[in-house]
1. Restricting to segment 87-103, give me the number of residues that are within 11 Å of the ligand (Cβ to nearest atom) and in contact with a helix residue (DSSP H, G or I) (Cβ under 6 Å, 6 or more places away or on another chain).
2. Residue by residue through segment 141-159, note down the ones that are more than 8 Å from the ligand (Cβ to nearest atom), part of a helix (DSSP H, G or I) and closer than 21 Å to Glu242 by Cα.
3. Considering only segment 93-113, state which residues are outside any helix (DSSP H, G or I) and either of a type in the set (Asp, Glu) or over 15 Å from Met134 (Cα atoms) (or both).
4. Among the residues of segment 51-81, which ones are near the ligand (Cβ under 10 Å from one of its atoms) and either in a loop (DSSP other than H, G, I, E, B) or surrounded by 23 or more Cβ atoms within 10 Å (Cβ to Cβ) (or both)?
5. For the condition modelled with pLDDT under 65, out of contact with any Cys (no Cβ under 8 Å at 6 or more places or on another chain), of a type in the set (Ser, Thr, Tyr) and outside any strand (DSSP E or B), what is the one hit in Ser215, Ser223?
6. What do you reckon, is Ile165 within 13 Å of the ligand (Cβ to nearest atom), in contact with a Phe, Trp or Tyr (Cβ under 9 Å, 6 or more places away or on another chain) and of a type in the set (Val, Ile, Thr)?
7. Would you be able to tell me the number of residues in segment 115-134 that are modelled with pLDDT of 95 or more, surrounded by fewer than 22 Cβ atoms within 10 Å (Cβ to Cβ) and outside any loop (DSSP other than H, G, I, E, B)?
Amino acid sequence: MIEEARVRVPDQAQKTLKKPVVNTLLNCAGEIMGKGLFGKKLEKALAWNRAENVVISSGIAYNLKKEKKYLDIGSGPGHIGQLLRRMGFDITSCDPFVKPFASVRKEQQSEGSLSLLSEAQHLPFKIDFFEGAMVNFVLHHIPPQDWLIVFDEIERVIKPGGRLILIEDVPLEAGDRATSIWDNWTNGEIFNLLKNLIFRGKASQNLEIKQPILSLIAAGMISDLHLTDDQWKQIFEEKKWELVESKEFFSHDPVTKKDIRHEKFVLRMPN
Ligand SMILES: C[S@@+](CC[C@H](N)C(=O)[O-])C[C@H]1O[C@@H](n2cnc3c(N)ncnc32)[C@H](O)[C@@H]1O
């Protein structure tokens, strides 16, 4: 199932992995916090509740088939995949920066499911291996010039006619920053959290699309990747991915006190 030669973690992650002392100290602090009452509550409040909201509100389970294999790309601590596995779906997870939380890891070990440290630009799986994949709240973390590579990888590992489920924060207006506190925490970008608190709600980009959006993205000309529905639809058209369903749902951000608008897109891969 896995092609070892394709496993690759990005430089940033490798740098982090190369600091064993710092990481050990951070891991110890994390373990102590995670074992404490506060840590447990935090984990539950931030991760499971959010994952439950995403799974229930997006209706993602209705897009999956039992007995078929799916890949969760950029799975983070793995809660969404874990909830879906508990519902009986076969989900493999991969993320270059984040390992599954201990509680998720334990369940995965006992059920024999797989989590890999790997990035979306280099998916370590054989061609047509999965019935479908999901990429939830991930693409806006990936440099725009890599999106085309990621899209090719997704098409490579999903069988022809299979489904890609893509969930993103999708503002109604271009440039509206719709990130949530969760977004910053999962990537450890505390700086971004502060930045968002200071600049929240301010439009950072107002994009008028006059040329193919994929070429703009590839050229790095779109830096704020919280695209609108129309911008996403333009990408799907250019990729010739048939949009079979789109569903709007919301979550509440306790820091900015705003409802964040999300959109689930279900796409049929070409034959
Ligand atoms: C906002 S989190 C979403 C996590 C998870 N999908 C969820 O919805 O709970 C974004 C995730 O994207 C991951 N990510 C960042 N760059 C990536 C890349 N190049 N390939 C795959 N995942 C990446 C981060 O490590 C992080 O776990």
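1. Qualifying residue count for the region: 3.
2. Selection gives Trp147, Leu148, Ile149, Phe151, Asp152, Glu153, Ile154, Glu155, Arg156, Val157.
3. Taking segment 93-113 and keeping what is outside any helix (DSSP H, G or I), we get 93-101, 112-113.
Across segment 93-113, the qualifying residues are Asp95, Pro96, Phe97, Val98, Lys99, Pro100, Phe101, Gly112, Ser113.
4. Within segment 51-81, Asp72, Ile73, Gly74, Ser75, Gly76, Pro77, Gly78, His79, Ile80, Gly81 meet the criteria.
5. Values: Ser215 fails: modelled with pLDDT under 65.
Criteria check complete, one pass: Ser223.
6. Working: within 13 Å of the ligand (Cβ to nearest atom): yes; in contact with a Phe, Trp or Tyr (Cβ under 9 Å, 6 or more places away or on another chain): yes; of a type in the set (Val, Ile, Thr): yes.
Spelling it out, Ile165 is indeed within 13 Å of the ligand (Cβ to nearest atom), in contact with a Phe, Trp or Tyr (Cβ under 9 Å, 6 or more places away or on another chain) and of a type in the set (Val, Ile, Thr).
7. 1
A quick yes/no check of all residues on (1) in contact with a Gly (Cβ under 6 Å, 6 or more places away or on another chain); (2) modelled with pLDDT of 95 or more; (3) more than 14 Å from Val54 (Cβ to Cβ):
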| position | (1), (2), (3) |
| --- | --- |
| Gln234 | no, no, yes |
| Glu242 | no, yes, yes |
| Ser246 | no, yes, yes |
| Ile260 | no, no, no |
| Met269 | yes, yes, yes |
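The values are calculated or read from the model by the stated rules, or taken from the named source; none is laboratory data. As the structure is a prediction and not an experimental result, all values here were calculated from the model. Don't worry about glycine lacking a Cβ; one is built from the backbone with ideal geometry, like all the others, and counts go over all protein chains shown.
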